[in-house]
Structure formats: C-alpha cells, structure tokens
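As structure tokens, the structure follows; a few thoughts come after it.
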Amino acid sequence: PGSADRLFALARQGHDTASALVGRHAADVGRLAAAVAAVLDPGLIVLGGSTGTDPQLLPGVRAELGRLSWPTEVVSSTVGDLGTVVGAARLAVARGVQTVTDGAGAKD
C-alpha cells in the first residue's frame, strides 16, 4: 500500500500480509515503549498521530510492552494529529499563568 491508512484498511479487511505488518509495527512500537519505560518510568504512554491512534495498533503495543517491562498504561490519544500543538499550547498557558502569579506574589 502507498500509505499507512491504506495498510490499516487492508489489515481491517483481513489481508494477511497487511495484518502481519501492522502486528510487526505494533511490536516495534512496544519495544520502543519498553525502552522509554526503562529509562523514564512514565506510568502512562500515549500513542498519537494517525498511525498511533489506529485501534489495531494498541493491543500489540500493550502486549510487547507488557512482555518486556513492568506494568505501564498505554492509551491512544483522543486529540488526533493535534497532540503536539495542544500539549505545547497547554504548557505555554501554564507557564504564563505561573509567571503572572509568581510575579504578583513577589510584589506583595
């Protein structure tokens, strides 16, 4: 297939090769998540983007992570492709509020 969307569509339709590729990708992501968990111990890993939020990926990622690491929750993002932008905006707002409130307390 020419795109990840088409690959996932073929896998949903039961195409054996596409299903195997999705499974292999899920295992790869699960191994990457295990490496992240080993270093950072995040407690929660959120899969995002058009590939990461495809429901076919989540079980394989969870299985591989569970095989290689201690229990870590894995979920799919609900903000779609805008996760990075939404996260950056929330951090910017939080930093702005902190700057304003810390500055106001210093003048008292």
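Since every read-out is calculated from the coordinates, none of them should be taken as a lab result. All values derive from a computational prediction rather than experimental measurement.
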Per DSSP H run of at least 4 residues, take -39500 (n - 2.57); add these up for the chain, divide by its residues and hand me the 222 nm value, nearest 500 deg cm²/dmol. -22500 deg cm²/dmol
Average projected area [Cα convex hull, segment 28-101], square nanometres: 5.6
Cut-off 10 angstrom, C-alpha nodes, Gaussian network model of the chain. Which of Val93, Val22, Val79 fluctuates the most? Val93
Could you check which residue among Gln13, Gln98, Gln56 shows the biggest mean-square fluctuation in a GNM of the chain with a 10 Å Cα cutoff? Gln98
Comparing Leu44, Leu68, Leu91, which has the greatest mean-square fluctuation in the GNM of the chain with Cα pairs linked when under 10 Å apart? Leu91
